[in-house]
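Asker: My questions all concern the structure below.
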Amino acid sequence: MTATDLPLPTPQGTQGVPRVGEEDPRQTKKDFTSDQEVRWCPGCGDYAVLAAVQGFLPDLGLRRENIVFVSGIGCSSRFPYYLETYGMHSIHGRAPAIATGLATAREDLSVWVVTGDGDALSIGGNHLIHALRRNVNLTILLFNNKIYGLTKGQYSPTSDVGTVTKSTPVGSVDQPFNPVSLALGAEATFVARTLDSDRKHLTEVLRAAAEHRGTALVEIYQNCPIFNDGAFQLIKDRDSGRARLAHLVDGEPVRVGEDHVVVRSGGALTVVPETDAEPADVVVHDVAAEEPTQAFALSRLDDPSFAHVPMGIFRQVSRPTYDDQVRAQVDGARASAGGPATDADLADLLHGGDTWTVTG
Amino acid sequence: MSTKPLQRLDRVVIRFAGDSGDGMQLTGDRFTSETATLGNDLSTLPNFPAEIRAPQGTLPGVSSFQLHFADHAVLTPGDHPDVLVAMNPAALKANLADLPRGATVIANTDEFTRRNLAKVGYQASPLDDGSLESWHVHGLPLTSMTVEALADFGLTRKEKERAKNMMALGLLSWMYSRPLEGTEAFLRAKFDRAPELLEANLAALRTGFNYGETTEDFAVRFEVAPAPMAPGTYRTLTGNQAMALGLVTAAHRSGLPLVLGSYPITPASDVLHALSALKRHGITTLQAEDEIGAVGMALGASFGGALGVTSTSGPGLALKAETIGLAVATELPLVVLDIQRGGPSTGLPTKTEQADLLQALHGRNGESPVAVIAPQSPTDCFDIALEAIRIATTYRTPVIVLSDGYLANGSEPWAVPELDDLPGLDVTFATAPNATGEDGQPVFHPFLRDEQTLARPWAVPGTAGLEHRIGGIEKADVTGHISYDPDNHDRMVRLRQAKIDRIAETLPPVEVDDPTGDARVLVLGWGSSYGPIAAATRLVRSAGGRIAQAHLRHLNPFPADLGEVLRRYDRVVVPEMNLGQLAMLLRARYLVDVRSHTAVRGLPFSAAHLAEDLHRDILEVEGDTAGPATTDTPREEVTR
Ligand code: SF4
């Protein structure tokens, strides 16, 4: 399934994290809800994601105290305060780095990163791509509202060209990032996209992400009713959305709406009416493909007009994780030396090299 | 064994100088090791260009290694070499100015070709034109001697030539009666897989040694008796090695894993290298994507209950500033090693400086106090690492350690401590709720402080019932909830400062060295300038001057009695390798009219020049009773 020989087994994402015992009381949504008043704007898409996460965490079966949410800066980064788990609301863009240190130091934690389009893709772009390529065991929720909310409405690295904001009164000129394309290019092992208002889809994707061992990046299209209202309306709306969404299902042909399919055409993919498609050209989704090429091509179907938008899991492959391997090196060094270093071993270390003795 | 007369010396300073590719650092290291095993006290100063291979034969490409060894306590690598080994004209030209008349020059004549001479602007060879009359010059064809000695080896000419540093090492080892066994063992390990190269290097080493014995060029051999040292086991350590050993020792004694997040940077990378080899001791090293990632990883590990450490130099400290501020706000332990180098910006990557003091203290937004400490010698880096971990874990605070390039690469003998003699490090995590909520249920308040230290509890994820959220946004005292309340912010700012100030309660009083007990001038330093200042003090005293010396290892907070100590003297002189940063802090804090003595040449202070300056201070304060000053011309700038 993967491109490398695995030096290590690649267990499930939450393996090693203590679970709620049979005899323990069942955890509920309430157990995961902190006493802090939620302070997003009314109608903000963040509420729906919070509710979905609070609702789904008990089902993961992990002990609450072994779950940690680390966030950066931005509206969505307030997320950890509202969850009755451990959390750190860190600084702008740095959550993936902090989470990497935490996840590597502590195998027994389920570590989540909550970030936004500005946090993850602008100021924290470097940490994000390196977390992805390293494949640290993290679940990253990237809330993409295509705008800076907390600083009151400047364009973001995912805003469409021509976006008019206070900082771009005659329109932004820079090409936006496609977060899914970026993640795939950064060697991510799990990349998915979902929508704040589709509770069922959101929950399914989050569960798969949590169970993935390695870095799972989930782009969540999230509406900001204050500064970028309706950014995703075309796909949220039941009627217009139906014709535009391509729900990615592993092993199935990729369909857009009810009567279109995605076909190969030259090096790229296009969308054609199903009746016009050569069956051999129809793209069959393969989340576990070793090469991310097809997943990348699917991510390129997006365009600002939302003519067709693939949703779901683009890629899900197994590759040894950074933290597992780092710990294995420490464990291996200990094992080959006959166990963890003792005081006597420390004394030997201090006495290493060329020594000489002065007698009294 | 030797037929030549043996002359006893009390101290020698040797400088090996050559092209960056000539292996001078290795040669110096080996000579140091041989010298250490003989029981001399010693101090070293490697000095090399930032370029890995600067253009061959040029002045910028010169790499040197200076070693001072003696039959008594050594404080510095020495101001002036007694012997210069110059492997090419550039090495001679770059170093001649530091060489007092009468000193010995051993030059590799093979490299004094017209082309090489021209590269550094010599019209004629200084070996022949009489311009070196005032020095004892031994011109030896070291390269061709080496090639000749290795004639029977199946190596290329280039490979043979490369062994010329061993030829030089052998000769110097003979001259100063150093044993070869250590170097032979070292070569055996190094060329484990290349027997031909091993034999060639051994042969070059021995040929150099034997050459000294047989040639008429060298009439006498020297020896330097062992220095009196306390009984014990010794080894030599560089500052970076000592720092790594200190950290691993702290990890052992605290029973916690240590996680180093680091990004390669000169002159700090050797700390990363050293710790990377100590996985067996529960050390995890993470080479991050950048400086910010490195400190973020360390802080994440600290949140998880490990000892989070990051190592860097000045430019990296600048990048880490925001994350260090986050550690101040979240009140988590974090150790930041800043191995300072010349600045600003890229500055002088391989040269030393002490100009990050104010950055360490104040280089963050907001009132963001952290503990700042500095080692005073290469091996003091071991103790300072333990101290950093003590402060960080006891007070749940970032600690910035200010080492520098001179300490990092310089080496000296180290008495290997017994583990039982080292301070203990007891770290306790919170395990249970620490308060009762309004509903009568037990609750956990993450910012309920220890009364004595003002530290907040360290409650690590995985502890049931203590789930809590921390972050950079201001938190309410005690409960740790987000708070924008003005009074709360005022209180928290003051609490964070008070917590750092309380560290002073655990610091020893300032140790003042004043043998006559009636000095009116105090010289006060910090960090790596200890050796040169102590050497200067020694010079002043041997010339009859009265001077007191004290040194700060704690820069924030200062020891509690520092102000009182300063006020005891008519004059306080503060030498620093910056433009007077500590002096400014002392003036501001204690309203004492501190005199600043500064030099930013990328090199440690010259003890002689410092001594002369101190003498002038004594004269000004005491009038004619101060005794004669030394005669050297000062080179360091003196700001008054
Ligand atoms: S500004 Fe937008 S993203 Fe931020 S809380 Fe308000 S609605 Fe949500």
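Asker: Relative contact order (percent) for segment B:143-213, with alpha-carbon contacts under 8 angstrom and 6 or more residues of separation? Could the numbers behind the result be given before it?
Answerer: Details: 78 pairs, mean separation 32.3, N = 71.
Computed value for segment B:143-213: 46 percent relative contact order.
Asker: Given Cα positions, please report Rg to Rh for segment B:3-123, the hydrodynamic radius being the Kirkwood one.
Answerer: On the way: Rg = 14.9 Å, Rh = 14.9 Å.
Looking at segment B:3-123, the ratio lands at 1.00.
Asker: Which three extents, in angstrom, do the Cα atoms of chain A have along their principal axes, listed largest first?
Answerer: Taking max minus min along each principal axis of the Cα atoms, chain A gives 92, 51, 51 Å.
Asker: Using θ = phi - 60° and the Karplus relation 6.51 cos²θ - 1.76 cosθ + 1.60, list the HN-Hα couplings for segment B:104-117 in order, rounded to whole Hz, with x at every Gly or Pro.
Answerer: 3J(HN,Hα) across segment B:104-117, in whole Hz: 9, 10, 10, 10, 7, 5, 4, 8, 8, 8, 4, 5, 5, 5.
Asker: Just want to confirm a number: the relative contact order over segment B:428-503, from Cα pairs under 8 angstrom separated by 6+ residues, in percent. Mind showing how you got there, number by number?
Answerer: Values: 100 pairs, mean separation 20.0, N = 76.
Worked out over segment B:428-503, it gives 26 percent.
Asker: Taking the Cα centre of each part, how many Å lie between segment A:57-97 and segment B:242-304?
Answerer: After rounding, the separation between the Cα centres reads 25 Å.
Asker: Keeping to pairs on different chains or 8 or more places apart, tell me how many lysine pairs in chain A have Cα atoms under 30 Å apart.
Answerer: The number of close lysine pairs in chain A is 12.
Asker: Determine the share of chain A's accessible area contributed by carbon and sulfur atoms, expressed in whole percent, with a 1.4 angstrom probe. Intermediate values should be presented prior to the final figure.
Answerer: Numbers: 7670 of 14850 Å².
So the carbon and sulfur contribution to the accessible surface is 52 percent.
Asker: Need the list of lysines near residue B:475 for cross-linking: C-alpha distance under 20 angstrom, and skip anything on the same chain fewer than eight residues off.
Answerer: B:499
Asker: I need the trypsin sites (Lys or Arg not before Pro) found in segment A:214-314, filtered to DSSP loop residues with at most 16 other beta carbons within 10 Å of theirs.
Answerer: Answer by residue number: A:300.
Asker: Also, I was wondering about something else. At 1.567 mPa s and 4 °C, plugging the Kirkwood radius over alpha-carbon pairs of segment A:29-111 into Stokes-Einstein gives what diffusion coefficient in µm²/s?
Answerer: Working: Rh = 13.3 Å.
D = 98 µm²/s.
Asker: In what order, largest first, do A:296, B:218 sit by accessible area if the probe radius is 1.4 Å?
Answerer: On the way: A:296 80, B:218 10 Å².
Of A:296, B:218, the descending order of accessible area is A:296, B:218.
Asker: In addition: Compute the long axis of helix B:486-502 from its Cα atoms, compare it with the longest principal axis of the Cα atoms of chain B, and write down the angle in degrees, 0 to 90, nearest 10.
Answerer: Helix B:486-502 and the main axis of chain B meet at about 40 degrees.
Asker: Find how many whole Å separate the alpha carbon centroid of segment B:157-228 from the alpha carbon centroid of segment B:516-545.
Answerer: Cα centroid to Cα centroid, the span is 38 Å.
Asker: Can I ask one more? Which log10 I(q)/I(0) values does segment B:6-224 give at q = 0.07, 0.08 Å⁻¹ under the Debye formula, counting every alpha carbon as one identical point scatterer?
Answerer: Reported log10 I(q)/I(0), two decimals: -0.19, -0.26.
Asker: Relative contact order for chain A using alpha-carbon pairs under 8 Å, separation at least 6, rounded to a whole percent?
Answerer: Numbers: 722 pairs, mean separation 60.4, N = 360.
Once normalised by length, the contact order is 17 percent.
Asker: Ordering A:229, A:345 by accessible area with a probe of 1.4 Å, largest first, what comes out?
Answerer: A:229, A:345
Asker: Give me P(r) over segment B:312-443, computed from all C-alpha to C-alpha distances, binned every 5 Å, as integer percentages.
Answerer: Using 5 Å bins, I get a P(r) of 2, 10, 17, 17, 16, 13, 10, 6, 3, 3, 2, 1, 0 for segment B:312-443.
Asker: Let me ask something else. Translational diffusion coefficient of chain B at 25 °C, 0.890 mPa s, Stokes-Einstein with Kirkwood Rh over Cα pairs, in µm²/s as a whole number. All intermediate terms of the calculation are to be shown ahead of the outcome.
Answerer: Working: Rh = 26.5 Å.
Diffusion coefficient, whole number: 92 µm²/s.
Asker: Pick out, in residue order, every one of the GluC sites (Glu not before Pro) in segment A:251-293 that is DSSP loop and has at most 14 other C-beta atoms within 10 Å; say none if there are none.
Answerer: Numbers: sites: A:258, A:274, A:290; in loops: A:258, A:290.
For GluC sites (Glu not before Pro) across segment A:251-293 that sit outside H, G, I, E and B with at most 14 neighbouring Cβ atoms in 10 Å, the list reads A:258, A:290.
Asker: For a distance above 15 Å, tell me the whole-number percent of Cα pairs in segment B:428-503 that qualify.
Answerer: Numbers: 1650 of 2850 pairs.
Summing the P(r) of segment B:428-503 above 15 Å gives 58 percent of all pairs.
Asker: Taking the Cα centre of chain B as origin and charging only Cβ (+1 Lys, Arg; -1 Asp, Glu), how large is the dipole, in debye to the nearest 20?
Answerer: Working: 56 positive and 78 negative charges, 155 e Å.
In total the dipole reaches around 740 debye.
Asker: If eta is 1.306 mPa s and T is 10 °C, what Stokes-Einstein diffusion coefficient results for segment B:505-612, Kirkwood Rh from Cα pairs, in µm²/s? Walk me through the numbers before you get to the answer.
Answerer: Working: Rh = 13.9 Å.
For the chosen part, D equals 114 µm²/s.
Asker: So, one more: With +1 on each Lys and Arg Cβ and -1 on each Asp and Glu Cβ, how big is the dipole of segment B:235-419 about its Cα centre, in debye rounded to the nearest 20?
Answerer: Working: 10 positive and 16 negative charges, 79 e Å.
Rounded to the nearest 20 debye, it is 380 debye.
Asker: Give the residue list of chymotrypsin sites (Phe, Trp or Tyr not before Pro) in segment B:433-502 that are DSSP loop and have at most 15 other beta-carbon atoms within 10 angstrom. Provide the component values of the computation, followed by the final result.
Answerer: Values: sites: B:444, B:447, B:458, B:484; in loops: B:444, B:458, B:484.
Of the chymotrypsin sites (Phe, Trp or Tyr not before Pro), the ones in loops of segment B:433-502 whose Cβ has at most 15 other Cβ atoms within 10 Å are B:484.
Asker: Straight-line reach only, C-alpha to C-alpha below 19 angstrom: list the aspartates and glutamates that residue B:279 could link to, leaving out same-chain residues fewer than 8 apart.
Answerer: Residue B:279 reaches A:107, A:323, A:324, A:331, A:343, A:345, A:348, B:270.
Asker: How much accessible area does residue A:123 have with a 1.4 Å probe, in Å² rounded to the nearest 10?
Answerer: 70 Å²
Asker: Just check segment A:205-250 against the gyration tensor rule for me: Cα atoms, a ≥ b ≥ c as the square roots of the eigenvalues, rounded for a/c under 1.5, and otherwise prolate or oblate depending on whether a/b exceeds b/c. Write down the numbers at each step before the final one.
Answerer: On the way: a/c = 3.91, a/b = 1.52, b/c = 2.57.
Verdict is oblate for segment A:205-250.
Asker: For all pairs of alpha-carbon atoms in the protein assembly as shown, what percent lies in each bin of width 20 Å, listed from the first bin to the last filled one?
Answerer: 12, 37, 31, 17, 3, 0
Asker: Relative to the first principal axis of the alpha-carbon coordinates of chain A, what is the inclination of helix A:125-134, with its axis defined by its Cα atoms, in degrees from 0 to 90 and to the nearest 10?
Answerer: It is inclined by approximately 70 degrees.
Asker: Can you compute the FRET efficiency between residue A:168 and residue B:478 using 1/(1 + (r/R0)^6), with r the Cβ-Cβ distance and R0 = 51 Å? Round to the nearest 0.05.
Answerer: Numbers: r = 44 Å, r/R0 = 0.86.
It comes to 0.70.
Asker: Could you calculate, for segment A:201-360, the ratio of the Cα radius of gyration to the Kirkwood radius, expressed as Rg to Rh?
Answerer: Working: Rg = 26.4 Å, Rh = 20.0 Å.
On the Cα set of segment A:201-360, Rg over Rh gives 1.32.
Asker: Still on this model: Straight distance only, please: which lysines reach the Cα of residue B:93 with their own Cα at less than 21 Å, same-chain residues fewer than 8 apart left out?
Answerer: B:119, B:164, B:351
Asker: With every protein chain left in place and a probe of 1.4 Å, what is the accessible surface of residue B:346, to the nearest 10 Å²?
Answerer: Looks like 80 Å² after rounding.
Asker: Kindly identify segment B:122-210 as rounded, prolate or oblate by the Cα gyration tensor criterion: order the square roots of the eigenvalues as a ≥ b ≥ c, call it rounded if a/c is under 1.5, otherwise compare a/b with b/c, prolate if a/b is larger, else oblate. Working shown, then result.
Answerer: On the way: a/c = 3.09, a/b = 1.67, b/c = 1.85.
Oblate is the answer for segment B:122-210, as a/c is 1.5 or above yet b/c matches or exceeds a/b.
Asker: Here's something else I'd like to know. Accessible surface of residue B:222 in the full protein assembly, 1.4 angstrom probe, to the nearest 10 Å²?
Answerer: Around 40 Å² of this residue is reachable by solvent.
The values are calculated or read from the model by the stated rules, or taken from the named source; none is laboratory data. Predicted model, so just to flag it, every value in this text is computed and none were measured. Cβ: placed from backbone, ideal geometry, glycine included. Neighbour counts: every protein chain shown. Keep in mind that these areas ignore ligands, DNA and RNA; they rest on the heavy atoms of the full protein, side chains included. Shrake-Rupley method; radii C 1.70, N 1.55, O 1.52, S 1.80 Å.
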